[in-house]
Amino acid sequence: MINVALPKGRLGEKVYKMFAEAGYECPSILENNRKLIFENREKNVRYFWVKPSDVSIYVERGAADIGVCGKDILLEYEPDIYEILDLNMGKCRMAVASKKDFYDNTEKTLRVATKFANIAKKHYASKCRNIDIIKLNGSIELAPILDLSDVIVDIVETGTTLKENDLEVIETIVPISARLIVNKSSFKFKTEEIEKIAQGLKEQVELND
Amino acid sequence: MIDERYLKNEERVIYALRSLYGRYGYLPFNMSKFEEYELYVKNKEFLVSDSVITFNDTNGKLLALKPDVTLSIIKNCQDEKGVKQKLYYNENVYRVSGSTRQFKELMQTGLECIGDIDLYDTFEVVSLACASLAEISNSYVLELSHLGILSSLLDNTDKNEEFQGAVMECIKQKNSHEIKSLCEKYGVSEDKAARLCNFVSIYGKADDVLEKLYSYNVDDSFTNAVNELKSIMDLLDGTDYKNNVRIDFSIVNDMNYYNGIVFNGFIEGICETILFGGRYDKMLKKMNKSSSGIGFALYLDLLEGIYKDFTEYDVDTLILYDEAVSIAQLDSCVKEYLQNGKRVSAQKSVPTKLRYKEIVDIRGEAK
């Protein structure tokens with residue numbers, strides 16, 4: 001049995017569709033109920049929904065053999081897993097944004113508000129820039145408006161929220177998309193099954209291209 | 001006499017491994033829990049976690065709770081021509097765990113072979129790694145890689161360290177899509193980029209992998225490394241372990257310390273890598289020793305995860321007594337059941353959480 005951790009939400013539903021089209025359907029997952037785990041014995045798969053930022057934890061610790069999560073999560077938490085496929089969906093980018101009239105005074109410590117402290121830290125360390133990280137859990141865009149921070153490091157999809165709040169992207173750190181991740185130990189003992197699923201998904205990715 | 005029922009699985013494995021290593025002439029190496037902090041500061045990247053628990057001794061010297069055993073063995077090893085030392089250890093090490101940043105005590109056992117290492121020694125150490133895993137479970141996998149293969153493949157791209165580091169990180173994660181975009185970004189020629197991406201996808205049985213590697217045609221150092229890997233795989237092919245060994249290049253140890261053959265071990269049901277090993281001549285050189293070294297370590301604390309607790313009862317017989325019963329009478333009753341091989345607990349009342357098979361109630365039975 002292959003345990004699959006899917007990220008709750010819109011992305012997860014799209015990802016499930018991809019699994020289904022690759023031949024790993026599990027109709028009970030679409031029923032509107034409060035069940036947490038869905039199984040298709042015939043196809044030898046078991047799905048469960050988890051919070052997107054927790055997918056990598058389930059996979060790293062082996063509760064799930066494979067899972068799908070955003071590259072942002074992988075960069076932030078750096079789990080010890082295999083990242084074997086770019087699913088090419090849920091595309092967005094990790095970017096630095098600020099108020100439109102922001103002037104970056106390099107003499108001063110840069111105040112950075114973000115959910116992604118590790119990504120921000122690494123990005124600015126590579127530029128030898130001294131920063132003060134302000135870890136927030138939501139409404140990141142508010143920080144520069146209220147002068148809580150100079151810039152924000154956050155996921156930007158269309159940029160609409162930024163625009164409506166008079167903010168703009170000043171730098172793209174890295175492009176983000178959903179990735180198929182695998183527990184290292186599971187990969188050793190369920191190699192063929194996992195390879196087969198990955199191959200099926202890869203064909204779906206190529207079809208969608 | 002040791003009653004195996006009372007051994008924890010880790011303990012049983014430790015005894016088995018001790019005798020295994022002893023039979024191959026590895027001598028026990030005992031060390032103190034503490035080591036001078038200086039040793040670790042100089043070799044920080046060799047350590048798995050970056051934080052070390054430190055404290056001052058009575059003379060003000062900074063000491064550390066040892067996060068690693070290999071460094072201490074290297075520090076104390078003789079460095080003379082013709083001398084080969086074979087040592088094993090079973091020690092607790094202290095580290096910071098990745099995500100929660102808490103200090104952890106880990107039980108480690110392992111062995112080191114330091115001196116003038118030849119092919120036989122490498123084969124012996126790798127075989128003992130297999131034998132150690134087999135001692136724990138029949139369902140195990142030992143994966144081997146050769147860092148020389150990796151480094152000559154990367155050098156062959158003629159790109160800087162930054163590129164090489166990023167690609168290594170991808171190889172570690174079997175991530176070929178990112179290698180592709182890195183190659184585009186750094187302007188690596190298409191055929192070399194394709195080869196790097198392909199490299200990620202080759203793993204598994206030795207024959208298939210080696211055949212593909214020989215078709216790569218990189219340079220002499222690449223071929224030499226492949227040959228060395230092949231000679232080990234050929235030797236392993238003649239052992240009982242042949243079906244459990246594979247080649248996998250996603251094992252990427254720090255190349256500043258390791259060189260040559262490196263290997264990792266996995267047990268079905270344990271989600272983490274349980275065995276880490278490899279050749280570390282570069283580490284010895286950094287510590288001004290001219291010898292070569294190879295060894296491995298097993299994380300025995302991970303065993304807790306696979307062995308389910310199958311004992312249905314905590315004790316076989318629960319003997320209930322009260323003040324009316326004399327001590328001598330109770331003692332003889334306990335001994336009677338003990339002699340019949342029962343596990344006994346003498347109590348005045350039934351403990352709420354104790355799982356017992358039978359109750360013997362001698363309350364009020366004063367003679």
Notebook entry, point to check: Residues in the range A:141-178 near a label at B:ARG101, defined as backbone nitrogen under 20 Å from the 7 Å Cα→Cβ point?
Noted result: A:153
Check: Based on DSSP H runs of at least 4 residues, each adding -39500 (n - 2.57), what is the mean residue ellipticity at 222 nm of chain A after dividing by all its residues, to the nearest 500 deg cm²/dmol?
Finding: -9000 deg cm²/dmol
Note to self: Based only on Cα atoms, what mean projected area does the convex hull of the range A:60-209 have, in nm²?
What the structure shows: 10.3
Margin query: I want to check the label-to-label distance for B:SER326 and B:SER189. Put each point 7 Å from Cα in the C-beta direction and report it in nm to one decimal.
Written below: 9.9
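Sorting check: for B:344-357, A:168-181, B:43-56, which peptide has the highest mean count of neighbouring beta carbons within 10 Å, and how do the rest follow?
Averaged packing, sorted descending, gives the order A:168-181, B:43-56, B:344-357.
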Notebook entry, point to check: When the C-alpha atoms of the range B:212-367 are aligned to their principal axes, what extent does each axis show, in angstrom, from largest down?
Noted result: 91, 37, 28
Note to self: From the P(r) of the protein assembly as shown, could you give the percentage of C-alpha pairs in the tail past 31 Å?
What the structure shows: 60
Item checked: Structure-based [θ]222 nm, chain B - -39500 (n - 2.57) summed over DSSP H runs of at least 4, per residue, nearest 500 -> -11500 deg cm²/dmol
Next item on the list: Assuming R0 = 25 Å, can you tell me the calculated FRET efficiency for the pair B:ASP254 and B:ASP158, based on Cβ-Cβ distance, to the nearest 0.05?
Entry: 0.65
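Quick one: compute the contact order of chain B, relative version, from alpha carbon pairs under 8 angstrom and 6+ residues apart, as a percent.
Reported relative contact order: 16 percent.
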Note to self: Could you check the spin-label model distance between A:ALA117 and B:MET287? Points 7 Å from the Cα along Cα→Cβ, value in nm.
What the structure shows: 3.5
Checklist line | Under the Karplus curve 6.51 cos²θ - 1.76 cosθ + 1.60, θ = phi - 60°, whole-Hz ³J(HN,Hα) for the range B:209-224, x wherever Gly or Pro sits | finding: 5, 5, 4, 5, 5, 5, 7, 6, 6, 8, 7, 5, 5, 4, 4, 4
Check: Structure shown: which of B:LYS33/B:LYS75; A:LYS188/B:LYS282; A:LYS71/A:LYS121 lie over 19 Å apart, alpha-carbon to alpha-carbon?
Finding: A:LYS188/B:LYS282
Check: Considering only B:SER19, B:MET168, A:LEU162, whose Cα is most displaced toward the positive end of the charge dipole of the protein assembly as shown, charges sitting on Cβ of Lys, Arg (+1) and Asp, Glu (-1)?
Finding: A:LEU162
Item checked: Rough spin-label spacing in nm, given labels placed 7 Å along Cα→Cβ, for A:THR158 and B:VAL350 -> 6.7
Checklist line | In the range A:48-103, chymotrypsin sites (Phe, Trp or Tyr not before Pro) in a DSSP loop with at most 10 other beta-carbon atoms within 10 Å | finding: A:TYR103
Next item on the list: Would you mind giving the total buried accessible surface between chains B and A, with a 1.4 Å probe and ligands, DNA and RNA left out, rounded to the nearest 100 Å²?
Entry: 1600
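Computing the accessible area with a 1.4 Å probe over protein heavy atoms, can you report the carbon and sulfur percentage for the protein assembly as shown?
Roughly 47 percent of what the probe reaches on the protein assembly as shown is carbon or sulfur.
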Checklist line | 1.4 Å probe accessible area per residue over the range B:102-157, in Å² | finding: 28
Notebook entry, point to check: How high is the FRET efficiency from A:GLU168 to A:SER53, r the C-beta distance, R0 30 Å, rounded to 0.05?
Noted result: 0.70
Checklist line | Per residue solvent-accessible surface (Å²) - the range B:315-361, probe of 1.4 Å | finding: 62
Margin query: On a full-extension model of 0.36 nm per residue, what is the gain between B:GLU36 and B:LEU338, subtracting their alpha-carbon distance, rounded to one decimal in nm?
Written below: 103.8 nm
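I'd like to check one number: the per residue accessible area of chain A, probe 1.4 Å, reported in Å² as a whole number. It would help to have the intermediate numbers written out before the result.
Values: 11030 Å² over 209 residues.
Normalised by residue count, the accessible surface of chain A is 53 Å².
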Check: Cross-link list B:LYS104/B:LYS285; A:LYS100/B:LYS192; A:LYS135/B:LYS104; A:LYS190/B:LYS44; A:LYS51/A:LYS196; A:LYS51/B:LYS42: which exceed 32 angstrom alpha carbon to alpha carbon?
Finding: A:LYS100/B:LYS192; A:LYS190/B:LYS44; A:LYS51/B:LYS42
Next item on the list: Report the one residue of B:ILE261, A:ILE37, B:GLY110 whose Cα lies farthest in the direction of the positive end of the charge dipole of the protein assembly as shown (charges on C-beta: Lys and Arg +1, Asp and Glu -1; origin at the Cα centre).
Entry: A:ILE37
Check: Which whole-number percent gives the relative contact order of chain A, counting Cα pairs below 8 Å spaced six or more residues apart?
Finding: 29
Check: Per residue in the range B:257-284, which ones lose no less than 40 Å² of accessible surface when going from chain alone to all protein chains (1.4 Å probe)?
Finding: B:PHE266, B:GLU268, B:CYS271
Note to self: What whole-number volume per residue, in cubic angstrom, does the convex hull of the C-alpha atoms of the range B:315-361 give?
What the structure shows: 56
Notebook entry, point to check: Are there residues in the range A:179-196 whose accessible area shrinks by at least 40 Å² when all protein chains are included rather than the chain by itself, and which are they (probe 1.4 Å, ligands and nucleic acids not counted)?
Noted result: A:LYS184, A:SER185, A:LYS188, A:PHE189
Item checked: Occluded residues from the range B:170-196, i.e. those whose accessible area drops by 30 Å² or more once the chain is not alone (1.4 Å probe) -> B:LYS172, B:GLN173, B:LYS174, B:HIS177, B:GLU178
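The values are calculated or read from the model by the stated rules, or taken from the named source; none is laboratory data. Source: prediction; values computed, not measured. Methodologically, a virtual Cβ is constructed for each residue, glycine included, from the backbone with ideal geometry; neighbour enumeration extends over all protein chains shown. Just the protein is used for accessible areas: all its heavy atoms, side chains included, with ligands, DNA and RNA removed. Shrake-Rupley method; radii C 1.70, N 1.55, O 1.52, S 1.80 Å.
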